[in-house]
Amino acid sequence: MSLFTQIRRKVKRVLPHRASYYFDALRQRTSANELGDLLVSLGLKSGSVALVQSSFSSLGYFVGGAPRLIELLIELVGDEGTIVMPSIPFDGSMAEYVLLQPEWDLQSTPSKVGRLTEVFRTFPGVIRSVHPTHSVCALGRLAREITAEHELCRSPCGVGSPWGRMVELDALAVRLGTGALTHVHHVQEVVNFPNLFLPDPVHLTCNLPENKKIVVKTKVYRKMIPLIFFLGEDRDSQILTIHLMDFPLLYSGDREVIYRRDPFRQEALEQLLAIRTEFLDSGSLRMGDFGRCCCEVLSLKAYVDYAVREEKRLITQFEHLYDLTRLQTILDEGRCPP
């Protein structure tokens, strides 16, 4: 072993985090009071049902860590409110994950969609829905109602799932430094998005307390193919093929940067920014900066209503573009943003 490697390992034991962590500790310290004031100004209030998705590191050095952020969210929604977070057990594709035929355990299978979600999963009083691929965790007055009977759903995020119930409850989506919004899949199921599912469902074992086991049958999302969406037909000068995660609301962070840097995506960018302006003007979306990131509070019902209507219209208009072979070619050629 080289001397350099030995030194690096010793340094790693003393300073286990990335360099940016220590920089933030000195220069980018952020507090619960600051974030709380911002979220209240963006519309989060007592009694809210809040779906929280985050990139925790983008908040800077958050004093008190993930547990303090969870405590803050609980304080903001109060006794009448409910906090929900995804607790999805993979960070790749559902199609790849189910090939492993995992045995999902209600109490011990970790969430792989961000540090905050895993800390929340183990927080006192949190209830987790029973689903082997797209479970949610919830805490608060409506936690049991939101998480109930997920195991009976025949698809991960459709009507009747926790994802659908949040829309019915007019929940708020709170995005902290992330472009992720799992309700993209809920909308896909509602509109019967082309090529959404693989032909055959899977049967996965779920381990419950007291040595109880159940088998959940669920449809499986195809990998990447259903995330290709057409705002129009591509032309020589402009690419109007987009990643569905960017529709209808392009996230103002790294997702927007991808479009701004690409001269062939300026027309798509203009369309997406125009939609964002509509949401901002209506008050359905509110945005503010915090740490190194943007924070958003969004009405899920407004988002889903708009997305369902416009996706149906555009899918019908460009139905001829959703051929499986053609979509695979688009992926292979890198014409859809990552």
Among the stretch 219-247, those whose backbone N falls under 14 Å of a label point 7 Å along Cα→Cβ from MET287 are 246-247
Along the charge dipole of the chain, which of ILE330, PRO263, THR147 sits closest to the positive end, that is, farthest toward it, with unit charges on the beta carbon of Lys, Arg, Asp and Glu (+1, +1, -1, -1)?
-> THR147
Would you kindly state how much longer the chain becomes between ARG309 and LYS45 on full extension, computed as 0.36 nm times their sequence separation minus their alpha carbon distance, in nm to one decimal?
-> 92.2 nm
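Can you tell me the FRET efficiency between ASP262 and GLU210 if r is taken as the Cβ-Cβ distance and R0 is 45 Å, rounded to the nearest 0.05? Walk me through the numbers before you get to the answer.
Numbers: r = 54 Å, r/R0 = 1.20.
About 0.25, to the nearest 0.05.
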Over 32 Å (Cα to Cα) - which of LYS223/LYS301; LYS112/LYS217; LYS45/LYS213; LYS212/LYS312 fall in this group | LYS45/LYS213; LYS212/LYS312
Restricting things to alpha carbons, tell me how big the stretch 218-326 is in terms of Rg and Dmax, in Å.
-> 14.9, 44
Top positive-direction residue, dipole computed over the stretch 31-332 with Cβ charges, set LEU240, GLY164, VAL174 | GLY164
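Over the stretch 196-279, consider all pairs of different Cα atoms and compute the Kirkwood hydrodynamic radius from their mean reciprocal separation; express it in Å, one decimal.
Values: mean 1/r = 0.0639 Å⁻¹.
Answer for the stretch 196-279: a Kirkwood hydrodynamic radius of 15.6 Å.
Please tell me the relative contact order of the chain in percent, rounded to the nearest whole number, where contacts are Cα pairs under 8 Å and at least six residues apart. List each step's numbers first, then the result.
Values: 582 pairs, mean separation 59.0, N = 338.
Result for the chain is 17 percent.
Within the chain, which whole H helices from DSSP have a Cα span along their axis of at least 27 Å and a mean Kyte-Doolittle hydropathy of 0.5 or more, if any? Mind dumping the intermediate values first?
On the way: long enough: none.
Helix filter hits for the chain: none.
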Work out how much length VAL63 to SER31 would gain on full extension: take 0.36 nm times their residue separation and subtract the Cα-Cα distance, in nm to one decimal.
-> 11.0 nm
State to the nearest 20 debye the size of the charge dipole of the chain about its Cα centre, where the only charges are +1 on K and R beta carbons and -1 on D and E beta carbons.
-> 1340
Total charge dipole magnitude, the stretch 116-166, about the Cα centre, Cβ charges on Lys, Arg, Asp, Glu only, Debye to nearest 20 | 80
Most positive-pole-ward Cα, GLY291, GLY65, SER55, against dipole of the chain from beta carbon charges | GLY65
Taking the Cα centre of the stretch 67-163 as origin, sum charge times position over the Cβ atoms of Lys and Arg (+1) and Asp and Glu (-1), and report the length of that vector in debye to the nearest 20.
-> 80
FRET efficiency, 1/(1 + (r/R0)^6) with R0 22 Å, evaluated for ASP170 and GLU75 via beta carbons | 0.55
The stretch 31-332 shape via C-alpha gyration tensor axes, a/c threshold 1.5 = oblate
Taking a crude spin-label model, label points 7 Å out from Cα along the C-beta direction, the HIS320 to ARG335 distance in nm is 1.5
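Could you calculate the FRET efficiency of LYS112 with LEU198 from 1/(1 + (r/R0)^6), where r is the beta carbon distance between them and R0 is 22 Å, rounded to 0.05?
Working: r = 21 Å, r/R0 = 0.95.
It comes to 0.60.
Read the figures in this text as sums done on the coordinates, not as results from a lab. Everything numeric here is computed off the predicted structure, so don't read it as measured data. Note that each Cβ is placed from the backbone with ideal geometry, even for glycine, and that neighbours are counted across all protein chains shown.
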